[in-house]
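S.K.: So that we are looking at the same thing, I have put the structure below in structure tokens.
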Amino acid sequence: MRLQYPSSIRIICLPCTGKVDLIHILRSFEKGADGVYVVGCMEGSCQFTSGNLRARKRVEQARLILNTIGIGGDRVQMFNLASSEAPRFVEVAEEMTRKILALGPNPIKTVRKKMAA
Amino acid sequence: MIVAKQKPLEEIIEGLKNVGKILVAGCNECVTVCESGGKKEVAVLASALRMAFMNQGKEIKIDEITLERQCDHEYLEELRKHIDQYDVVLSLACGVGVQFLAEKYMRTPVLPGVDTCFMGVTEQRGVWTERCQGCGQCILARTGGICPVSRCAKRIFNGPCGGSTRGKCEIDKDLDCGWQLIINRLKELGRLDDYEVLIPVKDWSKERAGGPRKIVREDVR
């Protein structure tokens with residue numbers, strides 16, 4: 001299909017979203033990511049039964065922590081789509097990019113730049 | 001195991017507002033199993049704290065360590081070389097570990113990162129329930145292996161009380177009546193006659209009521 005999606009997105013491939021841990025999401029923000037989204041298989045069709053359900057819980061945990069510390073829980077989100085849904089993948093990428101652009105840069109990154117200056 | 005749950009992040013952040021160097025110290029034992037203070041929780045909390053302080057414009061050094069145990073001298077000794085470089089240690093061990101760490105290193109404040117709750121079991125992933133209150137005089141042999149001290153809200157020794165309804169306790173409709181569990185178990189064991197035998201008054205001086213407790217074994221000293 002050779003569909004295009006925003007170039008600001010960096011994909012990290014995993015065998016299953018069940019591999020995503022809370023610390024992976026937090027470290028991304030600590031290192032300056034403006035947003036993180038996890039794309040798992042459709043609920044009910046996980047090869048490993050519950051990987052995508054676990055990932056959703058971890059995304060929710062990350063959201064709570066980011067809200068508490070003032071980074072903004074909306075910067076992290078979970079999406080479920082099938083591997084055959086390339087157009088939907090692009091939609092999700094564009095939706096998330098729009099959302100993050102509206103939220104602005106990760107405040108950590110801004111503070112760090114100010115401190116370095 | 002000793003079951004603990006992590007304190008709210010806001011409370012932890014509030015307790016650390018005037019410090020510059022923090023060591024977050026986990027424990028590889030009970031708090032790892034109950035997912036409140038092991039290596040993973042240390043990493044998550046340290047990361048959250050770094051971001052929280054950075055977001056407030058404060059550059060605070062936060063290091064992480066997870067000791068094998070915080071309730072033994074030999075493992076706490078691992079901190080001796082480094083502890084002086086920190087303004088505070090945030091310990092994710094149970095209350096025992098926090099206290100032992102504080103006793104050992106007098107000059108560095110030690111703050112608890114978890115609330116220590118009870119001695120219990122993992123009933124299923126994410127669900128922990130109380131089983132023992134360390135009363136110092138175990139009577140499980142008489143009660144079919146179910147403890148009236150920890151499982152009965154009133155800690156009565158010849159129950160159930162009048163608050164037991166359809167096997168549930170009056171304080172919570174989802175909580176099993178400890179004495180109903182004892183009766184069911186004795187029935188299964190074919191020992192229901194034992195239920196008729198009155199259990200004498202317990203010597204509560206062996207429990208916490210007798211003050212802080214101590215065990216000395218000359219044979220292993």
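The values are calculated or read from the model by the stated rules, or taken from the named source; none is laboratory data. Because the structure is a prediction, the values reported are computed rather than measured. As a convention, Cβ positions derive from the backbone with ideal geometry for all residues, glycine included, and neighbour counts pool all protein chains shown. What goes into the accessible areas is simple: the full protein's heavy atoms, side chains included, and nothing from ligands, DNA or RNA. Shrake-Rupley method; radii C 1.70, N 1.55, O 1.52, S 1.80 Å.
S.K.: Going highest first, how would you order B:49-56, B:115-122, B:190-197 by mean Cβ packing within 10 Å?
M.R.: B:49-56, B:115-122, B:190-197
S.K.: Over the alpha carbons of region B:18-146, what is the largest minus smallest coordinate on each principal axis, giving the biggest first in Å?
M.R.: Here the Cα extents, ordered largest to smallest, are 59, 30, 21 Å.
S.K.: Something else about it: Using 21 Å as the Cα-Cα cut-off, could you pick out the over-long pairs in A:LYS113/B:LYS58; B:LYS154/B:LYS214; A:LYS114/B:LYS58; A:LYS57/B:LYS40; B:LYS5/B:LYS214?
M.R.: B:LYS154/B:LYS214; B:LYS5/B:LYS214
S.K.: Alpha carbons only, please: Rg and Dmax for chain B, in angstrom.
M.R.: Values for chain B (Cα only, Rg and Dmax): 21.7, 70 Å.
S.K.: Right, here's the next one. Give the long-range amide H neighbours of B:ARG69: residues separated by 5 or more places, or on another chain, with amide H under 5 Å away, using H modelled in the peptide plane at 1.01 Å from N.
M.R.: B:ASN28
S.K.: Rounding to the nearest 20 debye, state how big the charge dipole of region B:88-221 is about its Cα centre with +1 on each Lys and Arg Cβ and -1 on each Asp and Glu Cβ.
M.R.: 260 debye
S.K.: Still on this structure, please answer the following. Determine the relative contact order of region B:1-60: mean sequence separation of Cα pairs under 8 Å and six or more apart, normalised by residue count, in whole percent.
M.R.: Relative contact order for region B:1-60 comes out at 34 percent.
S.K.: Hey, another quick one. Specify which residue in the list A:ASN80, A:PRO15, A:PRO107 is farthest towards the positive end of the charge dipole of chain A, using unit charges on the beta carbon of Lys, Arg (+1) and Asp, Glu (-1), about the Cα centre.
M.R.: So the residue we want is A:PRO107.
S.K.: Restricting to Cα pairs below 8 Å that are 6+ residues apart, what does the relative contact order work out to for chain B? Please round to a whole percent.
M.R.: Worked out over chain B, it gives 17 percent.
S.K.: Take the Cα pairs of region A:20-117, get the Kirkwood Rh, then feed it into Stokes-Einstein at 20 °C and 1.002 mPa s and tell me D in µm²/s.
M.R.: 149 µm²/s
S.K.: Which whole number gives the average count of other chain Cβ atoms within 10 Å of the Cβ atoms across peptide B:41-54?
M.R.: 6
S.K.: Let me confirm one metric for peptide B:57-68, namely the mean number of other chain beta-carbon atoms within 10 Å of its residues' beta-carbons.
M.R.: 1
S.K.: Excluding ligands, DNA and RNA, what is the solvent-accessible area per residue of the protein assembly as shown at a probe of 1.4 Å, expressed in Å²?
M.R.: Spelled out: the 1.4 Å probe surface of the protein assembly as shown, per residue, equals 59 Å².
S.K.: Just tell me which lysines come within less than 18 Å, Cα to Cα, of B:LYS104; anything on the same chain fewer than 8 places away is out.
M.R.: B:LYS81
S.K.: Mean separation of Cα pairs under 8 Å and 6+ residues apart, divided by the residue count of region A:39-107: what relative contact order is that in percent?
M.R.: RCO, region A:39-107: 33 percent.
S.K.: Using helices alone, I'd like the mean residue ellipticity at 222 nm for chain B: each DSSP H run of four-plus residues gives -39500 (n - 2.57), total over residue count, nearest 500.
M.R.: -7000 deg cm²/dmol
S.K.: Using only the alpha carbon atoms of region B:90-221, find the Kirkwood hydrodynamic radius as the inverse mean reciprocal pair distance, in angstroms to one decimal.
M.R.: So the Kirkwood estimate lands at 17.5 Å.
S.K.: Might you report the magnitude of the Cβ-based charge dipole of the protein assembly as shown about its Cα centre, with Lys and Arg at +1 and Asp and Glu at -1, to the nearest 20 debye?
M.R.: Magnitude of the dipole: close to 580 debye.
S.K.: Mean-square fluctuation check for chain A, GNM, Cα pairs under 10 Å: which of A:ILE71, A:ILE100, A:ILE11 is largest?
M.R.: So, out of A:ILE71, A:ILE100, A:ILE11, the one fluctuating most is A:ILE11.
S.K.: Taking the Cβ of A:VAL90 as the centre, find all other residues whose Cβ is under 14 Å away and add up their charges (Lys, Arg: +1; Asp, Glu: -1).
M.R.: Here the count lands on -1.
S.K.: With just the Cα atoms defining each centre, how far is region A:55-117 from region A:2-34? Give it in Å.
M.R.: Result: 9 Å between the Cα centres.
S.K.: Around B:LEU67, with a cut-off of 14 angstrom between Cβ atoms, what is the net charge of the other residues, counting Lys and Arg +1 and Asp and Glu -1?
M.R.: Here the charged neighbours net out to -4.
S.K.: What is the Rg over Rh value, at two decimals, for the protein assembly as shown, using alpha-carbon atoms and the Kirkwood definition of Rh?
M.R.: 1.08
S.K.: In the protein assembly as shown, what percent of the accessible surface is made up of carbon and sulfur (1.4 Å probe, ligands and nucleic acids excluded)?
M.R.: For the protein assembly as shown, the apolar C and S fraction of the accessible surface comes to 52 percent.
S.K.: What does the charge count near B:SER150 come to, summing +1 for each Lys or Arg and -1 for each Asp or Glu among other residues with Cβ under 10 Å from its Cβ?
M.R.: Cβ neighbours under 10 Å give a net charge of +2.
S.K.: Oh, and also: How many Å² of accessible surface get buried when A and B come together, counting both sides, probe radius 1.4 Å, rounded to the nearest 100?
M.R.: About 1500 Å² of accessible surface is lost on pairing.
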